[in-house]
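Worksheet for the structure shown next.
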Amino acid sequence: AGAAAEARFISSAKGKGLFATKNIRKGETVFVERPVVSSQFLWNALYNYRACDHCLRALETAEENAQRLLGQSSLVLPHPEQCSTRKELHQQCPRCQVTYCSAECRQAALEQYHQVLCLGPSRDDPTHPLNKLQEAWRNMHYPPETSSIMLMARMVATIKQAKDKEWWIKAFSQFCSKTANEEEEIVHKLLGDKFKGQLELLRLLFTEALYDEYLSRWFTPEGFRSLFALVGTNGQGIGTSSLSQWVHACDALELPLLQREELDAFIDQLYKDIEKESGEFLNCEGSGLYVLQSCCNHSCIPNAETSFPENNFLLHLTALEDIEAGEEICISYLDCCQRERSRHSRNKILRENYLFTCSCPKCLAQADDADVTSDEEEEGEGETDDAELEDEMTDV
């Protein structure tokens, strides 16, 4: 892409930032980025959220998607021609049967990491080292999911398969690294109070499944913790959904007024019914590492936002405001509700989840506000709503 943005080093405290290289208009796409590596979340896959094993494209038709989320196999969606799923293009790995949305994705996965990770006939063997690793991870990391051990496995497999191993190690080393203390905090957040014992168990299983002499440092206690923290800090949530694609397509239809009102009412009711049945878990979800997006700093008044409008892992960064050449491009790590809370509450969430205190214009302007939160906020203080955070990250 004729780069509208570039990463620049700001300071040792802030690290990198992303800056506009030309004037960008509100609503414009700043860039579209593909991840260096990505992976679906393990519980998400276990619960039959069917996604391409490489690009996370949702594999169900919109109707199948709605039927499953509703628990109603008889549901019929109007305008089925607006569904973008192309089942005739789907392919499976002939050895382990994981499914891809296309021959291109099957080939790309095979060339990058799947030769190492293909379970072949051991796909359902609980004693296979990779299955033991995934089972252990699921038992430590219940939904809402925010990370996946398989992202790390794909990083190792990618380097194992690569002809130019140094190129990939450089690619992964671009992601921000933390001090040992910060790494401990991140791992603690991801694994909870039992983190030391759990991290060691994961490291042993990870080593059994994937050990590689060339990457031996990644398998030491310090190296493994760093890798874990890197994925925990830089992983960007990805969400895809056949149903939301269908809804967007229906929204764009030119319909007579009465038909439009009927369709809108049908869709509104459908989402209400699904929420009763499946809560907020609507999407195929996973996470990925994106070089440019990971350079975007947070602001409580962001001038850009990420989304996945192509129903796969391609991340679109879109301008929310006009952005001048030379200006920093910032996204928000908080969802809309969290952004409306007091500076104190916002920073509590950012410190707990991302280990920094925000100094965006909004926070600076509110710097003299009392460091207290309103009563209704006090109730929710105990635990940050990871589900909301995740939901914001994976908006499609």
*Relative contact order of the chain, defined on C-alpha pairs under 8 angstrom at six or more residues apart (%)*: 27
*asked:* What distance in nm separates the two pseudo spin-label positions at E184 and V76, each 7 Å out from Cα along the beta-carbon direction?
replied: 6.3
*Give the ranking of V76, V116 by solvent-accessible surface, highest area first, calculated with a 1.4 Å probe.*
V76, V116
*asked:* For region 194-215 and region 31-82, what is the centre-to-centre distance using only Cα atoms, to the nearest Å?
replied: 31
*Could you pull out which residues in region 64-98 have an amide N less than 12 Å from a spot 7 Å beyond the Cα of E262, following the Cα-Cβ vector?*
78-79
*D273 versus E310: modelled label distance in nm, points set 7 Å from Cα along the beta carbon direction*: 3.4
_Area projected by the alpha carbon convex hull of region 43-237, averaged over all directions, nm²_ = 12.7
*Rounded to the nearest 20 Debye, what is the dipole magnitude of the chain about its Cα centre when Lys and Arg each give +1 and Asp and Glu each give -1 at the C-beta?*
1980
*Which percent of the Cα-Cα distances in region 243-351 go past 24 Å?*
48
*For the cross-link pairs K132/K194; K132/K196; K22/K348; K132/K348; K170/K362, which exceed 25 Å when the distance is taken from alpha carbon to alpha carbon?*
K22/K348; K132/K348; K170/K362
*Percent relative contact order of region 155-226, based on C-alpha pairs within less than 8 angstrom and at least six residues apart?*
32
*Which of the following values of Cα Rg over 2.2 N^0.38 Å was calculated from the structure shown: (i) 1.01; (ii) 1.18; (iii) 1.06?*
(i)
_Compute for region 61-112: radius of gyration divided by Kirkwood radius, i.e. Rg/Rh, restricted to C-alpha atoms, rounded to two decimals._
1.11
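The values are calculated or read from the model by the stated rules, or taken from the named source; none is laboratory data. The structure displayed is predicted, hence computed values, not measured ones. Glycine also receives a Cβ, built like all others from the backbone with ideal geometry; neighbour counts cover every protein chain displayed. Quick note on the areas: whole protein, heavy atoms, side chains included, nothing else; ligands and nucleic acids left out. Shrake-Rupley method; radii C 1.70, N 1.55, O 1.52, S 1.80 Å.
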